[in-house]
Amino acid sequence: MEVFALNALWLGPVVAGGVSLFLSRRMLLGWLVLHGFIQVLLWIYLYEEGEGLGPVWSFLWFSFGSKPFFYAIGLHPVNVWLLLLTIVVGHAALFYAFSDTPRIRSFFALVFILLGFVQGVFLARDVLLFFIFYEASLVPAFLLIYGWGGAFRRAAAVKFAIFTLGGSVLLMIGILWGYVGRVSGVWEEWRAMPLPAGAWLLMTVGLAVKLPLIPLHSWLGEAHVEADTPVSMLLASLLLKLGGFGLLSWVWMDGKEWAFFLRIWGGVSLLYAAAVATAQTDLKRVIAFTSIGHMALVAIGAGSGSMIGIQGAYHQLFTHGIVSAGLFAWIGLVEKQMGGRSLSFLRGIFAGRSRWQLPAVLLFFAAMGVPGTNLFVSELLVIWGVGVGAGWFWAMLPALSLLLTGVYFLRVYRELAQPMGAVQGVDSGIFFSPREAVVWFLIGWVLVGGVYPQPWLELLSYVGP
Amino acid sequence: MVEQILPLALALPLLGATTIGLGGLWLPILRKQKYLIGGIASMLVFGAFFLFLAAFLSYKEPSYFAFAWDWIALDPLRIPLRYQVDTLSLWMSLIITGIGALIHLYSIGYMAEEEGSWRYFAFLNLFIFAMLTLVLADSLPLLFLGWEGVGACSYFLIGYWFGEEANARAAQKAFIMNRIGDVGLLAGMIWLYAETGTFDIERLKDYMYGGEVAMGVGLLFFLAATGKSAQLPLYTWLPDAMAGPTPVSALIHAATMVTAGVYLMARMDFLYNLTPETLSIVGAIAITTALLGGLVALAQQDIKKVLAYSTVSQLGFMFAAVSAGAYTAAIFHVFTHAFFKALLFLGSGSLIHATGTQDIRKMGGLRKKMPITGWTFWIGTVAIAGIPPLAGFFSKDEISAAVYTRGTTGEATFYVYWLTLVGVAFLTALYMGRLAWVALEGEYRGEGTPHESPPEMTIPLGVLAVGSIAAGWIGLPPLLGESWIREHWLSQSIKELSVPSLSHGTELFLLCISTIVGLVGLGVAWLLYGRKKAAGDTFFSKHLGRFYTLLSQQLQVDMLYERAFVQPYYILADLAKDVIGPWIGRGIPALVAQMLSRLGEILSRLQVGYTPLYLSYMIAGGLLLLLWVLTG
């Protein structure tokens, strides 16, 4: 049963993707609900089975010379919540997309397949398998950006593919280099000893493309902005996590040596992203650059030089996944109704519309890391980790993120609240539209994770070299 | 006892905030029931006040209360939801809920014509909850939760009329300047943790700190305090914050939130006692702020701006007390100041409500038209001016005595501080006298016929007036009796920097100075503004010239900050977006392309079309592969 459940976590969505090609629009909704239900059940079963320490299943796939490659997948405290994140955000995005996405069958199929491969990345317990899933996820992601979204989506998709492939080449060479001196690439063995410097550098840079850190980030702005809202949600919430997860799990497991390098890189990235976000006039771009800033905190956490920082970075992967998906869902909601998303066009939309204002306030405050939201917990852990591992002065760097995100989110909020340009709106009735429901569903996670983060943190305490 | 009282007292305002907020949001019908909403909100805060009163009456010793679950626990780190009820936090809670309840009551009348009063009351209740969390927290991150929470509530309430650009900008400015301080609080807190391995305030007291740590953390916490409590250089948000509704100014920006910095430093007494050098720095900043606030207040025409700068100046007094190591004197001044400053703000709200303007040049003669507001405003004025036996006299006298005493221990700078404080006390009486005579006496210069406000507004004025008269009597100077608040109450939780006590002669001298300075200040105000009907402003502008103009422009500090920080940051942001961004966007792919074509060139040299060479490549490759497999 465990073996079945483990494999079904990633194979299930892939198969579901194939099936959804043959379903009508109405049946797709049922299929989505059923699939989500089964996935959650599987996740709960696996979580309960090992209290998050969960089963591992591996068999020898093939060996090359004396190097064996395993098909090894399993649960580990660090991936349990990310698996749930994929299920939650993936299905939320599909639900969000359901009512009016064109070519809905292929859209569903691609998203399902993408979810399967993302689950595979999180599940993989052999570095080569990790890489295979990592590469595979690129294909559906590319097609999703290429096929759905704004006017310049094709160019954005090509740019995304080129950057990611470039990163993958470095990652691939790094992994092969890492094999030198190791018998296999199984999780325990890979993490048992430090990587050779070259492998370490190549893998870090390769994964930094996906994270992304500047100057390797320029694919992100366009891909996030041009993609359709549900795809933006998936990109920000899941695909960026692949970079962060790879960095934390396969490269920076001890996080001590050369830590300051990643701290500085992350710090520069953070400051740059904040500055660019301040100058943006397109709301979706603001959110895209917020993501860069928040993922830079993951890099800083990985380079904090202490275990708390790494735990915080892992936690940030989950919390940012929720918050960024919520932000994109919210702006998609507004864009759909108003027909635009530039800040000057949207001035004053809050006039008379408390129903838009409150989710915006909660999500903006979450992105700003206000206590009581889940992102604050992870940012506190990162700051804490840097302070413990590298000294309080370094801790000012991630702490600065609180100030700088405040600067541009409050400006955005102020402009949205000015009563110019837009007509006085009216709140819709008592009931939610499906899109609003998705936004509130994600906000629920934001608040629960902020007030009671114990379920997440309990597992993170098992993180160790 | 505490186990039952504390969770309930915390839950009441939170319950109000959530029910009113969500109810107003989803059921637009409820938004019209303004008296119901305001009534519920007020009742809940009154309830919390009576709970704390019960805790106060049955108080025996410090007690701790922790919820069964932790907020954040990541082995071996723990941030429990742990609260501390000692004399200091209980006293602050009484101020918050007591003054808070009166201001809620007042708000029912003040906000009666507002469409969105449900939003207002939801945030006001949430503020009470956050502020209680701040003062009661025993764990620094929990304190930070309250600290940011009050900042967020303040943000929403300053920007309550968010449609106006000025209000929205003021709110934004307040939040960001507070966040600059928050970075200091976070960094200091983490530094303490790195030293001691705990966040619990109770346990932090037991560690031995090196001088560097005590000073560094002390200064970082003081940075946080300058943000929250509007001291130099982060004070400019407070005058702008007057854009919010007046009761908010009274509660948040005069009586409670802005005193959080003072509370934090009193709470961290054990750190500051270790390094008097830190306290000297605090003193210098406090004195400068007090002087600056007093001077600027003298030249403002907007009644709320005068009171805002007065608050900045009075907060300077509190920090001066902290710098002398006299934390009880600081908290005592927090207490008395809460009464008379809330009274003055609510009074000014009543005047604004009646006249429809904030410009004191368009008021005048209002005491006759609005007797309750007028007389209570006078009481507040006399109290803040430091005339015995009203409240302000006792707390200010204790502060100046404490600063003077520090001077006698050999730190000569404290004599300078003391002298400046005396000067600021004179200024306080002067600008408050000016405000009262111009706004309340003489002939009415505005439009329409102002009427007295409704009872839900005048009752709080009356209660606060009684407090402004009597609140000081719990802290009598040694010469006149015994200071109850110092000896019997706060000394249980605050350990002051030990300084010698003054001789009776010196003490009498200081008392006389305080009294005389207050009386002279009011006297000068009467000469300039009472007797000669508002001739004072021309007198000052004639004799002070450009300096007076500068004062009336609030020293142009806003413009300075705008040019020195805000605009450069926006220029930098534009630069990042429009220059560096595109440069990276084109540069990196170009660089990679160039590298690849260079690589291609090199590889193409191997492709010479000579078959035996290709064959040798193949053999070499095969051999290498074989070698790897065999040795691997």
### Query
B:Ala137: within 16 Å of B:Met242 (Cα to Cα), of a type in the set (Gly, Ala, Ser) and touching a residue at least 40 places away in the same chain (Cβ under 8 Å), yes or no?
no
### Query
B:Phe199 fails exactly one of the following numbered conditions: (1) at pLDDT below 90; (2) open to solvent by 10 Å² or more (accessible area, probe 1.4 Å); (3) in contact with a helix residue (DSSP H, G or I) (Cβ under 6 Å, 6 or more places away or on another chain). What is the number of that condition?
(2)
### Query
In this structure, is A:Ala302 within 14 Å of chain B (Cβ to nearest Cβ) and aliphatic (A, V, I, L, M)?
no
### Task
Could you check how many residues of segment A:274-318 are touching a helix residue (DSSP H, G or I) at 6+ places or on another chain (Cβ under 7 Å) and either at positive phi or hydroxyl-bearing (Ser, Thr, Tyr) (or both)?
7
### Task
Hand me the list of helices (runs of 4 or more DSSP H) wholly inside segment B:355-431 holding 3 or more residues that are charged (D, E, K, R), modelled with pLDDT under 90 and more than 29 Å from B:Ser501 (Cβ to Cβ).
B:366-369
### Query
So which residues in segment A:385-416 are free of Cβ contacts under 8 Å to residues at least 12 places away in the same chain, of a type in the set (Gly, Ala, Ser) and either more than 9 Å from chain B (Cβ to nearest Cβ) or part of a helix (DSSP H, G or I) (or both)?
A:Gly387
#### Entry: Enumeration of residues in segment B:105-129 that are open to solvent by less than 10 Å² (accessible area, probe 1.4 Å) and under 19 Å from the mean Cα position of the chain (by Cα)
B:Leu124, B:Asn125, B:Phe127, B:Ile128
### Query
Is one or more of the residues making up segment A:438-451 open to solvent by 40 Å² or more (accessible area, probe 1.4 Å), facing chain B (nearest Cβ under 10 Å) and either over 13 Å from A:Gln357 (Cα atoms) or at pLDDT below 90 (or both)?
yes
### Message
Yes or no: segment A:242-256 includes at least one residue that is closer than 20 Å to A:Gly150 by Cα and either within 11 Å of the chain's Cα centre (by Cα) or within 14 Å of chain B (Cβ to nearest Cβ) (or both).
### Response
no
### Query
Can you name the condition, by its number, that A:Glu51 falls short on among (1) open to solvent by 10 Å² or more (accessible area, probe 1.4 Å); (2) closer than 23 Å to A:Ala437 by Cβ; (3) at pLDDT below 90?
(2)
#### Entry: Residue match in segment A:188-195 (condition: touching a Pro at 6+ places or on another chain (Cβ under 7 Å), touching a residue at least 24 places away in the same chain (Cβ under 8 Å), closer than 24 Å to A:Ala72 by Cα and of a type in the set (D, E, K, R))
yes
### Query
If we scan segment B:583-596, do we find a residue that is away from every other protein chain (no Cβ under 14 Å) and either open to solvent by 70 Å² or more (accessible area, probe 1.4 Å) or in contact (Cβ under 8 Å) with a residue 12 or more places away in the chain (or both)?
no
### Task
Spot the failing condition for B:Ala166; the list is (1) surrounded by fewer than 22 Cβ atoms within 10 Å (Cβ to Cβ); (2) outside the structural domain of B:Ser139 (by TED's automatic domain parsing), and only one is missed.
(2)
#### Entry: Which listed residue is on the phi > 0 side of the Ramachandran plot and open to solvent by less than 10 Å² (accessible area, probe 1.4 Å), from A:Gly348, A:Gly339, A:Gly321
A:Gly348
### Task
Take B:Tyr272 and decide whether it is of a type in the set (Phe, Trp, Tyr) and either in contact with a Gly (Cβ under 6 Å, 6 or more places away or on another chain) or more than 25 Å from B:Ala308 (Cα to Cα) (or both).
yes
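The values are calculated or read from the model by the stated rules, or taken from the named source; none is laboratory data. Please read all numbers here as calculations on a predicted model, not as lab measurements. Don't worry about glycine lacking a Cβ; one is built from the backbone with ideal geometry, like all the others, and counts go over all protein chains shown. We work out accessible area using only protein heavy atoms, side chains counted, and drop any ligands, DNA or RNA first. Shrake-Rupley method; radii C 1.70, N 1.55, O 1.52, S 1.80 Å.
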